[in-house]
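Undergrad: I'd like to ask you about the structure that follows.
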Amino acid sequence: MSITDNVKEVRRRIEAAARSVGRDPSEIKLIGVTKTVSAEKVLEMKDAGVADAGENRVQELLRKHDALAGAGINWHMIGHLQTNKVKYIIDKVALIHSVDSVRLAEEINARASAVNRVVDVLLEVNIAGELSKFGILPDNLEINVKNIGELPNINIRGLMCIAPYVENPQENRVFFHTMRKLVVDINGKMYHNRKMDTLSMGMTQDYQAAVMEGATMIRVGTGIFGLRS
Ligand SMILES: *Cc1c(COP(=O)(O)O)cnc(C)c1O
């Protein structure tokens, strides 16, 4: 299967999952996860209609960002971000999905301020409380939204999670459901702040389940490019 065929198939499945719960499929943005994939293939994905690319490593993001300058690709930082690397990507990314501490948010705020930007971010939630994963625990989320929400050069657009690895994607619906509930609850309480409108959740294994529970961004790598070696 070609990248173009794979993109078509992913879009078909997004649409079916959205319609099955009465959602408008156009509310869901597909991010192609391009880690380990060549710049040439990223361009192929762009030509197939996916202009949003997600990378989980700063070095690799920078390399492809520069190689594909002017190609009209929106770069998303989706992996754990070290504070000392924020400066390299601050003016190159459309959205940082993986803000997991006030310290990191403060550094993003400072660097964004220095280049006169307001940077869109998502807060990563460790939704299943897995020791192996980064992210803010659900119990600590509200205080983090409050504190990070006060930083003037950061705009908290919403939440992101990486659900557990499962055989049956239905098992993750409960986590996606909880993510959506967290957004609704916090939006309801923080009437003085801008409301969150983005939920980045669902990968190749479980994006249909995520769409059914309210995802507005899904991050698909394997489903577009095949297995990573
Ligand atoms: C690799 C990765 C994905 C995509 O995973 P696939 O299973 O290949 O679709 C999504 N989100 C994050 C944060 C990733 O690191």
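The values are calculated or read from the model by the stated rules, or taken from the named source; none is laboratory data. As the structure is a computational prediction, the values presented were derived from the model and not from experiment. Glycine also receives a Cβ, built like all others from the backbone with ideal geometry; neighbour counts cover every protein chain displayed.
Undergrad: Among Arg180, Arg157, which is closer than 21 Å to Arg13 by Cα, under 19 Å from the mean Cα position of the chain (by Cα) and basic (Lys, Arg)? Before the answer, list the steps.
TA: Working: Arg157 fails: closer than 21 Å to Arg13 by Cα.
The match here is Arg180.
Undergrad: Any idea which residue in the range 187-229 is surrounded by the most Cβ atoms within 10 Å (Cβ to Cβ), counting only those that are within 17 Å of Val99 (Cβ to Cβ) and within 12 Å of the ligand (Cβ to nearest atom)?
TA: Met201
Undergrad: Okay, next question. Can you list residue pairs whose Cβ atoms sit under 8 Å apart, with the first residue in the range 217-229 being more than 16 Å from Ala17 (Cα to Cα) and the second being within 8 Å of the ligand (Cβ to nearest atom) and of a type in the set (Gly, Ala, Ser)? Count only pairs 6 or more apart in sequence or on different chains.
TA: What qualifies is Gly221/Gly54; Arg228/Gly221.
Undergrad: If you check every pair at least six apart or on different chains, which have Cβ atoms under 6 Å apart with a residue in the range 162-182 that is within 16 Å of the ligand (Cβ to nearest atom) first and a residue that is among the hydrophobic types (A, V, I, L, M, F, W, C) and part of a helix (DSSP H, G or I) second?
TA: Partner pairs satisfying both residue conditions: Ala163/Phe175; Pro169/Ala209; Asn172/Ala209; Phe176/Ala210.
Undergrad: Please state which one of Asp91, Asp120 is closer than 29 Å to Ala51 by Cβ and in a loop (DSSP other than H, G, I, E, B).
TA: Sole residue among the options that is closer than 29 Å to Ala51 by Cβ and in a loop (DSSP other than H, G, I, E, B): Asp91.
Undergrad: Before we move on, is Val7 at pLDDT 95 or above, surrounded by 15 or more Cβ atoms within 10 Å (Cβ to Cβ), within 16 Å of the ligand (Cβ to nearest atom) and within 14 Å of the chain's Cα centre (by Cα)? Even if it seems obvious, please write down each step before you answer.
TA: On the way: at pLDDT 95 or above: yes; surrounded by 15 or more Cβ atoms within 10 Å (Cβ to Cβ): yes; within 16 Å of the ligand (Cβ to nearest atom): yes; within 14 Å of the chain's Cα centre (by Cα): no.
Answer is no for this residue.
Undergrad: Starting from residues that are at pLDDT 95 or above and in a helix (DSSP H, G or I), keep the ones in the range 188-208 and report whichever is farthest from the chain's Cα centre (by Cα).
TA: Applying the first criterion (at pLDDT 95 or above) to the range 188-208 yields 196-208.
Among the residues that remain, those that are also in a helix (DSSP H, G or I) are: 207-208.
Values: Tyr207: 12, Gln208: 16 Å.
Step by step, filter the range 188-208, then rank; the result is Gln208.
Undergrad: Can you pull out the residues in the range 47-88 that are out of contact with any strand residue (DSSP E or B) (no Cβ under 8 Å at 6 or more places or on another chain) and either farther than 20 Å from Ile108 by Cβ or at pLDDT below 95 (or both)?
TA: Result: Asp47, Ala48, Gly49, Arg63, Asp66, Ala67, Leu68, Ala69, Gly70, Ala71, Gly72.
Undergrad: Right, here's the next one. Within the range 20-38, can one find any residue that is of a type in the set (A, V, I, L, M, F, W, C), in a helix (DSSP H, G or I) and out of contact with any Asp or Glu (no Cβ under 7 Å at 6 or more places or on another chain)? Lay out the reasoning, then the answer.
TA: Just the residues of the range 20-38 that are of a type in the set (A, V, I, L, M, F, W, C), to begin with: 21, 28, 30-31, 33, 37.
Those left that are additionally in a helix (DSSP H, G or I): none.
No, there is no match, as no residue in the range 20-38 is of a type in the set (A, V, I, L, M, F, W, C), in a helix (DSSP H, G or I) and out of contact with any Asp or Glu (no Cβ under 7 Å at 6 or more places or on another chain).
Undergrad: On the basis of being surrounded by 14 or more Cβ atoms within 10 Å (Cβ to Cβ), closer than 18 Å to Asp100 by Cβ and acidic (Asp, Glu), does Glu150 make the cut?
TA: Values: surrounded by 14 or more Cβ atoms within 10 Å (Cβ to Cβ): no; closer than 18 Å to Asp100 by Cβ: yes; acidic (Asp, Glu): yes.
It is false that Glu150 is surrounded by 14 or more Cβ atoms within 10 Å (Cβ to Cβ), closer than 18 Å to Asp100 by Cβ and acidic (Asp, Glu).
Undergrad: Among the numbered criteria (1) over 17 Å from the mean Cα position of the chain (by Cα); (2) of a type outside the set (Asp, Glu); (3) surrounded by 15 or more Cβ atoms within 10 Å (Cβ to Cβ); (4) over 23 Å from Val184 (Cα atoms), which single criterion is violated by Leu104?
TA: Status for Leu104: all satisfied but (1).
Undergrad: Another question, if that's okay. Mind listing whichever residues of the range 167-219 are closer than 23 Å to Ile143 by Cβ and β-branched (Val, Ile, Thr)?
TA: Thr178, Val183, Val184, Ile186, Thr198
Undergrad: I'd like the residue in the range 26-41 that is within 16 Å of the ligand (Cβ to nearest atom) and in contact with a helix residue (DSSP H, G or I) (Cβ under 6 Å, 6 or more places away or on another chain) and, out of all such residues, is farthest from Ile218 (Cα to Cα). I'd like the intermediate steps shown before the answer.
TA: Just the residues of the range 26-41 that are within 16 Å of the ligand (Cβ to nearest atom), to begin with: 28-38, 41.
From what is left, the residues that are in contact with a helix residue (DSSP H, G or I) (Cβ under 6 Å, 6 or more places away or on another chain) are 28, 32, 34, 37.
Values: Ile28: 7, Gly32: 8, Thr34: 13, Val37: 18 Å.
Per the stated criteria, the residue is Val37.
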